[in-house]
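Values in this text are rule-based calculations from the coordinates and carry no lab data. These numbers were taken from a predicted model, which means no experiment stands behind them. All Cβ positions, even for glycine, are placed from backbone atoms using ideal geometry, and neighbour counts span all protein chains on display.
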Amino acid sequence: MSRIGKMPIAIPAGVTVEVAENNKVTVKGPKGTLERTVAPELEIKVEGAEITVSRPNDLKRMRSLHGLTRTLINNMVVGVTNGFEKKLEVNGVGYRAAKQGKKLTLSLGYSHPVEMEDPEGIETVVEQQQNNSSLITVKGIDKEKVGQFAAEIRDKRRPEPYKGKGIKYVDETIRRKVGKTGKK
């Protein structure tokens, strides 16, 4: 039995969960509404203040979908109550991040500034820090969209191993390399 899949999901106060036909799960909460269609073979029950996910048999596909489905529904419940956020750090001399309205402008050492529009349901906040670094916080209720947009921002200038310049996640560690040494 899946250890994650068999755990019940607690529904907090102020959150409503509906399961329609074809396993279309709708979660409404204080921060918004999320919808997702999950595998139709699995059985999703809403009983009181709990959601349980069960599988019909022990085929490999069912076993793999069991834990995944439970985690996806749990992320929806957490998203509409607390929301998700990812923090990115912009390091490097002359590397800056600025925010105007829904537009994020990044100066990353290219000949042009990189402009990114906030996607639907995602909000970015920029804080300036000391010693040539900015902090970008990506917030939203959909964990998948928050992670995807944060990854797209990071891809504009990945951190390099020699000086550590670029955009990295706050909790990410960069393995540093030693540069070349001159001949004597």
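Taking Glu21, Glu43, Glu123 as the candidate residues, the one with maximal mean-square fluctuation in a Gaussian network model of the chain, Cα springs under 10 Å, is Glu21. Its Cα gyration tensor gives the stretch 9-81 an equivalent ellipsoid, and the semi-axes of that ellipsoid, as √(5λ) in whole Å with the largest first, are 22, 11, 11. Which whole-number percent of Cα pairs in the stretch 84-169 have a distance greater than 23 Å? Percent of Cα pairs beyond 23 Å in the stretch 84-169: 15. With the simple model of a label 7 Å out from the Cα in the direction of the Cβ, Ser111 to Gln130 spans 3.8 nm. Taken about its Cα centre, the stretch 84-169 carries a charge dipole of roughly 340 debye when the Cβ of each Lys and Arg holds +1 and the Cβ of each Asp and Glu holds -1. What FRET efficiency comes out for the pair Arg61/Glu35, r = Cβ-Cβ distance, R0 = 22 Å, nearest 0.05? After rounding, the FRET efficiency stands at 0.40. Helix 143-155 and the longest principal axis of the Cα set of the chain meet at an angle near 20°.
With respect to the chain, whose longest principal axis is taken over its alpha-carbon atoms, helix 60-81 is tilted by about 70°. With contributions of -39500 (n - 2.57) from each DSSP H run of at least four residues, the per-residue ellipticity at 222 nm computed over the chain stands at -6500 deg cm²/dmol.
Dividing the convex hull volume of the alpha-carbon atoms in the stretch 1-135 by its residue count gives 164 Å³ per residue.
Sparse packing (at most 10 other Cβ atoms within 10 Å of the Cβ) combined with a DSSP loop state is found for none of the trypsin sites (Lys or Arg not before Pro) in the stretch 122-169.
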